[in-house]
Amino acid sequence: MDVHLAPPIAAVLHAAVQQSDTGYCGDATALRGAFSGFAARRWHWDVDPSSVRTCADVAAGVTEVLRLLTVPGDKVILTPPVYPPFWSWLQAVGATPVEVPLLESLNGGRLDLAAIDQAMAAGSKVMLLCSPHNPTGLVHEIDDLRALATLAARHDVTVLADEIHAPLTLPGSSYSPYLAVSDNAAATGIAFHSASKAWNLAGLKSALITAAHPRQLERLGALPHEVPWSVGHFGMLAAAAAYEQGESWLDGLLGALASNYLLLANLLQQHLPQVRFGVPQASYLAWLDCRDLGLGSNPAPVFLDHGRVAVSAGADFGPAGHGFIRLNIACHPDVLREAITRMAAAHRHSVT
Ligand SMILES: Cc1ncc(COP(=O)(O)O)c(C=O)c1O
């Protein structure tokens, strides 16, 4: 995101530098407590701080947990269009992706529970759930998550819930932490969190892995020693400050994102009316259906080459993304205005 750091986070980092506090991190007690407090206030989710483990980032956390749960060749369910590195995380451990596309990706989409049931029955061992969902901004309904948990329990599938975008749930939507939706979810889930998306801290390296059921906690106990120690010291300090003192900054950010989405809808209407777009329920990523622009299955290079606007190519998110792009709207409204104006000019240039 193109934002200024939240003041309480900047203060804690400045103080650490001032004190030359740049050595190894200490233990994670403060961060665990801060996350647990945030989860309780924000989501009414009761997280036992002792169940929370640290890791460098969500990518490393999910990959290490996949390594624990699978052997090469095991099948893991993904729900494209979805965050492209999910495929490479599976590849890193030799797992085989089983793609169960979302039902209709344009207005957020929805889990295809019947197809997930079939994929589980056909032997998938793990499901990688993106909640909220990148790139469509879907905040899964609690009933869908409960139904998913029932299926996971029935087929003995572990659900790895990547909840990195959860704090970015926009006003008017209600995010449900997977582990908290039902006993089946608690029994089948392992969740991944980080302050890195919502407070723009990705370069500082810190993320959290948590579970609620003794079976899952025992599995996490087998994570290699290096995993918790790979967390960054600055990342831990910053994340604890974010969870403890960063809520009013976050609320301000969410208001700005919501208004940018309205601006985007108006700008598209005005300059690129052929692009279809539904306002997401979470995060700062707009999933734009450009199939009616006449730019083929990969419109992203047109906007880059002719408009100097860098967007993500929809096809990177799986076959359902052909003809789509993902646009980051976490910027000043003037930048967004400029981007859409340039994209419209690039489109005119390419079709004439
Ligand atoms: C769904 C999802 N998971 C994980 C990540 C990466 O997180 P990290 O930097 O903690 O590995 C991202 C980053 O955009 C993401 O969107």
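Give, in nm to one decimal, the length gained when the segment between Glu99 and Gln270 is fully stretched (0.36 nm per residue of separation minus the Cα-Cα distance).
58.0 nm
Taking 51 Å as R0, compute the FRET efficiency from the Cβ-Cβ separation of Arg215 and Gln245 and round it to 0.05.
That pair, Arg215 with Gln245, gives E of 0.90.
Just how far, in whole angstrom, is segment 232-289 from segment 302-338 if you go by their alpha carbon centroids?
Taking the Cα centre of each part, segment 302-338 and segment 232-289 sit 15 Å apart.
Where in segment 272-312 is the amide nitrogen less than 11 Å from a point lying 7 Å along the Cα-to-Cβ axis of His349?
Only 302-309 pass the distance filter.
Can you sort Leu128, Leu262 so the residue with the fewest Cβ neighbours within 10 Å comes first?
Listing Leu128, Leu262 from fewest to most nearby Cβ atoms yields Leu262, Leu128.
Order these by the 10 Å Cβ neighbour count, fewest first: Ser283, Ser230.
With the fewest neighbours first, Ser283, Ser230 line up as Ser230, Ser283.
In nm, to one decimal, how far is the modelled label at Leu263 from the one at Arg342, with both set 7 Å along Cα→Cβ?
If labels sit at Leu263 and Arg342, their model points lie 1.5 nm apart.
Report the calculated FRET efficiency for Val71 and Asp27 (r = Cβ-Cβ distance, R0 = 30 Å), to the nearest 0.05.
0.40
Please name which of Ala207, Thr22, Val335 has its Cα lying farthest along the dipole of the chain towards the positive end, using unit charges on Cβ (Lys, Arg +1; Asp, Glu -1) and the Cα centre as origin.
Val335
Counting helices only, and only those DSSP H runs with n ≥ 4, report the 222 nm mean residue ellipticity of the chain as the sum of -39,500 (n - 2.57) divided by its residues, in deg cm²/dmol to the nearest 500.
Helices in the chain give a 222 nm mean residue ellipticity of -13500 deg cm²/dmol.
Determine the gain in length on full extension of the stretch Arg41-Ser88; use 0.36 nm per residue of separation and subtract their C-alpha separation, reporting nm with one decimal.
Stretched out fully, the Arg41 to Ser88 stretch lengthens by 13.5 nm.
Compute the relative contact order of the chain as a whole-number percentage, counting only Cα pairs closer than 8 Å that sit 6 or more residues apart in sequence.
Worked out over the chain, it gives 21 percent.
Under a Cβ-Cβ cut-off of 12 Å, what is the net charge of the residues other than Ala59 that fall near it, where Lys and Arg count +1 and Asp and Glu count -1?
Its environment carries a net charge of -2.
Give the calculated FRET efficiency between Ser174 and Asp112 to the nearest 0.05, with a Förster radius of 25 Å applied to their Cβ-Cβ distance.
Efficiency at R0 = 25 Å is approximately 0.70.
Express the Stokes-Einstein translational diffusion coefficient of the chain in µm² s⁻¹, to the nearest whole number, given a Kirkwood radius over alpha-carbon pairs, 37 °C and a viscosity of 0.692 mPa s.
Rounded, D is 157 µm²/s.
Each value in this text was obtained by applying a stated rule to the coordinates, not by laboratory testing. Quick caveat: nothing in here was measured; it's all calculated off a predicted structure. Virtual Cβ from ideal backbone geometry, glycine too; neighbours counted across all protein chains shown.
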